[in-house]
Ligand code: SF4
């Protein structure tokens, strides 16, 4: 990279793409941000959000020091030693009195940290808690569960070859704002300009992505499953499927086909509000294209039939043979896995004590946590540790979370910023920001080439903050789970760094874990505490990357070498780790041939199991499902709660000044609806659901369908009023005052945020 003396390499942390950035820093402030042209994924690309990152790093709500709540609700500053000792004592007390299931862990690897999440596992093991709640489980677990059934493990994750594809179908996403794949705006524009390629966008709103599309199917909210079933039915009924692919690579097609043959295409298209001929044209185009892929996102995951939607969307490339080929959909490798695989309850998989909810991908859904806390039972949850998450604002039903957290024996918050959840905590443990500690990209979702970006700190820690791995290590030592030092292993780690060919550290680890088996669940923390000390420039948190590099290179040796790393056996892993450690920017981990993708399918014989009984049952039941009539009754509008817009991001971004537009997070309404209700553009209104009410500023917007409304996520935070700094002002609506935990997907308990029945009226003031 050509770096001026003031430019340092890092990454934008505002979405899963983690574009590479160069940052100029002066006196603790970001005075320049530009795209990193050397980054192999983003290649210099940035969207408008990244240039405002100084507002993430520097604002009045950054946490600086450990805090303890006084009986009157105010906070006092305490030192780290006191904070660690008291938190550890209270957690151990609850665990020993009530069992590990009395403690829940929420977040980890979220908005404030990525690499720290890799060290939260040992901490949870020390707590003895089976409960990991995470925002992924209010969005993606239905999709993960379907992946487990189709491909054999819930860790099998599908990506899209959009850049190379001739025919791209995007449903429930507006990549112009939400991205979800690298260089999204450029890729959408390239697709739009090329007359030989087709972009289809399925969305109830005419988004910027929809405007760029060749075909916009403006589907009625909540009817995606009908539209997808219609598309698949056309493919089957007109015999457009790829018979050779289905015979060679899949099982269960006959069962699926029999159901799709019975789907009444005209009727389903009509229900989705789409002309049946348009449905047929898209199905034929997708099936006939030289290459085609599909992509879905929150728009369908947060709507009716959430899990079924993700199943049906995946069947499009599978029935047409657009899988494991350029421009199609593909599975990808995972370097430091974000999720795991959970068994079904009948196979011995974990469930919660109160609601009996099963674990998916080793995660539990935030939707059920208030019920797990509030139950009048001895085995309820009594303590919660929240790391880098703000469930009080981001999980469904803010009121339920407020009540439930108020009943806990102990709430501990580890975070970068003073969020609403931090405001209820008994203890607050302040973490350094993503630019003040060693960090990494966790969303390694690329295929055929996958990348990983280990990032150095570019600023010193704010106040008395610590990186999360160090917070967890100190807690584990204070709990008696981990020795304060492991000098024998530390010595072997140092020697290993000097003479990696001797393999001293793996041997010493094996001996240590054989002699002290109680340390086995804490392996990543043992690495942090030992190898971490031998890594240069304070890169202790990178210790887990060493283990991942060796494992990954062992499993994908050919592909790692193809990506440019040299060596064989364990030394290939060492070379990969050193390459990552030495690089300023992202490093290609591996490059697959498309045929090699089949090794990532985990069913025996690498066959895809198309017939998922639960999904086939729900698909058949669509035929008799009563029509939702959102225009009638007490709550006549359908609200999409959580739209991605130009200036919404995570919960650490608290200063409203970071937004250049839409400062109040307007409630969007179709002008015809507004005229009927006599509501003017810019007027203050109240939006009410069966669950609660929020006040918002109204904006007329004819890109919506009449009868639907939209509000953005990421608003509703309190921040000191610039004109009266001792007072706080809330900016924009808290959308989860409106949402309900009960309205959710039956399989994964993901809430229907994009389908909230509401009414709207003028505000009194
Ligand atoms: S797409 Fe935008 S928000 Fe996402 S990482 Fe890149 S610059 Fe940041």
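The values are calculated or read from the model by the stated rules, or taken from the named source; none is laboratory data. For clarity, every value in this text was computed on a predicted model and none was experimentally measured. Cβ placement follows ideal geometry from the backbone for every residue including glycine, while neighbour counts extend to all protein chains displayed.
Just one of the listed residues (222, 180) is within 16 Å of the ligand (Cβ to nearest atom) and part of a loop (DSSP other than H, G, I, E, B), namely 180. Every residue in region 45-61 that is surrounded by 21 or more Cβ atoms within 10 Å (Cβ to Cβ) and either assigned by TED's automatic domain parsing to the domain that holds residue 720 or more than 10 Å from the ligand (Cβ to nearest atom) (or both), please. 56, 57, listed by residue number. Taking region 596-655 as the range and being within 24 Å of the chain's Cα centre (by Cα) and within 21 Å of residue 154 (Cβ to Cβ) as the test, the residues that pass are 597, 600, 601, 602, 615.
Give the residues of region 690-702 that are assigned to a loop (DSSP other than H, G, I, E, B), in contact with a helix residue (DSSP H, G or I) (Cβ under 8 Å, 6 or more places away or on another chain) and more than 26 Å from residue 721 (Cα to Cα), sorted by residue number.
Passing the criteria: 691, 701, 702.
Let's see how each residue does on (1) within 14 Å of residue 434 (Cβ to Cβ); (2) out of contact with any helix residue (DSSP H, G or I) (no Cβ under 6 Å at 6 or more places or on another chain):
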| site | (1), (2) |
| --- | --- |
| 23 | yes, yes |
| 28 | no, yes |
| 55 | yes, no |
| 60 | no, yes |
| 65 | no, yes |
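Among the residues of region 132-144, those identified as over 10 Å from residue 750 (Cβ atoms) and surrounded by 24 or more Cβ atoms within 10 Å (Cβ to Cβ) are 133, 134, 144. Suppose the filter is farther than 30 Å from residue 589 by Cβ, in contact with a strand residue (DSSP E or B) (Cβ under 8 Å, 6 or more places away or on another chain) and in a loop (DSSP other than H, G, I, E, B); does residue 419 pass it? Yes. Can you work out which of the residues in region 1-37 that are away from the ligand (no atom under 15 Å from the Cβ) and surrounded by 17 or more Cβ atoms within 10 Å (Cβ to Cβ) is nearest to residue 585 (Cα to Cα)? The selected residue is 8. Applying the criterion of being more than 16 Å from the ligand (Cβ to nearest atom) and buried (at least 17 other Cβ atoms within 10 Å of the Cβ) to the residues of region 643-661, the residue that is nearest to residue 390 (Cα to Cα) is 654. For residue 503, the conditions (1) on the phi > 0 side of the Ramachandran plot; (2) under 34 Å from the mean Cα position of the chain (by Cα) all hold with the exception of (2). Entry remark, region 273-328: residues being within 24 Å of residue 136 (Cβ to Cβ) and in a loop (DSSP other than H, G, I, E, B) number 5 in total. For region 484-516, the set of residues classified as in contact with a helix residue (DSSP H, G or I) (Cβ under 8 Å, 6 or more places away or on another chain), surrounded by 14 or more Cβ atoms within 10 Å (Cβ to Cβ) and closer than 29 Å to residue 85 by Cα consists of 486, 489, 490, 493, 509, 512, 513, listed by residue number.
For (1) in contact (Cβ under 8 Å) with a residue 24 or more places away in the chain; (2) surrounded by 22 or more Cβ atoms within 10 Å (Cβ to Cβ); (3) touching a strand residue (DSSP E or B) at 6+ places or on another chain (Cβ under 8 Å), each residue gets a yes or a no:
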position: 698; (1), (2), (3): yes, yes, yes
position: 702; (1), (2), (3): yes, no, no
position: 706; (1), (2), (3): yes, no, no
position: 712; (1), (2), (3): yes, yes, yes
position: 717; (1), (2), (3): yes, yes, yes
position: 721; (1), (2), (3): no, no, yes
position: 732; (1), (2), (3): yes, yes, yes
position: 736; (1), (2), (3): yes, yes, yes
position: 739; (1), (2), (3): yes, yes, yes
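Could you list all residues from region 637-689 that are in a strand (DSSP E or B) and either under 20 Å from residue 751 (Cβ atoms) or modelled with pLDDT under 95 (or both)? Even if it seems obvious, please write down each step before you answer.
Going through region 637-689, the residues in a strand (DSSP E or B) turn out to be 637-643, 667-669, 684-688.
If the condition is that a residue be in a strand (DSSP E or B) and either under 20 Å from residue 751 (Cβ atoms) or modelled with pLDDT under 95 (or both), then 637, 638, 639, 640, 641, 642, 643, 667, 687, 688 are the ones that fit.
For region 112-131, filtered to residues that are outside any helix (DSSP H, G or I) and modelled with pLDDT under 95, the residue that is surrounded by the fewest Cβ atoms within 10 Å (Cβ to Cβ) is 114.
For the residues 399, 423, the requirement of being within 22 Å of residue 65 (Cα to Cα) and surrounded by fewer than 22 Cβ atoms within 10 Å (Cβ to Cβ) singles out 423. Quick check on region 265-288. Is at least one of its residues closer than 20 Å to residue 610 by Cβ, in contact with a strand residue (DSSP E or B) (Cβ under 8 Å, 6 or more places away or on another chain) and surrounded by 24 or more Cβ atoms within 10 Å (Cβ to Cβ)? Yes.
Taking the conditions exactly as written (more than 16 Å from the ligand (Cβ to nearest atom) and within 21 Å of residue 423 (Cα to Cα)), does residue 81 satisfy them or not?
So residue 81 fails the test.
With a requirement of 2 or more residues that are in contact (Cβ under 8 Å) with a residue 24 or more places away in the chain, under 24 Å from residue 109 (Cβ atoms) and touching a strand residue (DSSP E or B) at 6+ places or on another chain (Cβ under 7 Å), the helices (runs of 4 or more DSSP H) lying completely within region 484-591 that satisfy it span 543-555, 570-582.
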